[in-house]
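Data block below; observations after.
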Amino acid sequence: MISVAGERISVTGALTIANARALLEAGSAALSRPENTFDLAAVQEVDSSGLTVVFGWVRAAAKQGRQVKIANPPQNLLTLAELYGVSDLIPLA
């Protein structure tokens, strides 16, 4: 689930293949500032599609001339990014 709270876009629940498309669309629709921060502190589960979602938000922001930062990424997400060799591509806050 995506919710906008102040300057943060909060993501809760699972960041998995089961809801990847919905999270990608909702997160992309929430991009309203020049710099947007996705807070993943309440994400409870992550699979490799979570990386796809994060990079999808980055691409959507770039298309709009905006930027994305990722705050409080779950360790699972960072581990997967390291495993796939893309950890340097995640724009951490």
Can you give the angle from 0 to 90° between the axis of helix 75-84 and the longest principal axis of the chain, with both taken from C-alpha atoms, to the nearest 10? 70 degrees
Value at 222 nm in deg cm²/dmol, rounded to 500, when DSSP H runs of n ≥ 4 in the chain each add -39,500 (n - 2.57): -11500 deg cm²/dmol
Can you list residues from other chains, or at least 5 along the same chain, whose modelled amide H is less than 5 Å from the amide H of Leu15? Gln44, Glu45, Val46, Asp47
From the P(r) of the chain, can you give the percent of Cα pairs sitting at distances over 21 Å? 19 percent
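Quick one: of the DSSP bridges fully inside the chain, what percent are antiparallel, nearest 5?
Here the share of antiparallel DSSP bridges comes out near 25 percent.
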Can you put Phe55, Phe38 in order of Cβ neighbours within 10 angstrom, beginning with the fewest? Phe55, Phe38
Take Leu77, Leu83 and order them by how many other Cβ atoms sit within 10 Å, fewest up front. Leu83, Leu77
Given Cα pairs under 8 Å that are at least 6 residues apart, what percent is the relative contact order of the chain? 29 percent
Which distance in nm do the two modelled labels at Arg33 and Asn19 give, with both placed 7 Å along the Cα-to-Cβ direction? 2.3 nm
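By the scheme Lys and Arg +1, Asp and Glu -1, what is the net charge of all other residues having a beta-carbon under 13 Å from that of Gly56? Intermediate values should be presented prior to the final figure.
Working: positive: Arg21, Arg59, Lys63; negative: Glu25.
That sum, taken over residues with Cβ under 13 Å, equals +2.
We did not get these values from a lab; they are worked out from the coordinates using the rules stated. Values in this document were obtained by computation on a predicted structure and should not be read as measured data. Every residue, glycine among them, receives a Cβ derived from its backbone with ideal geometry; neighbour counts consider all protein chains shown.
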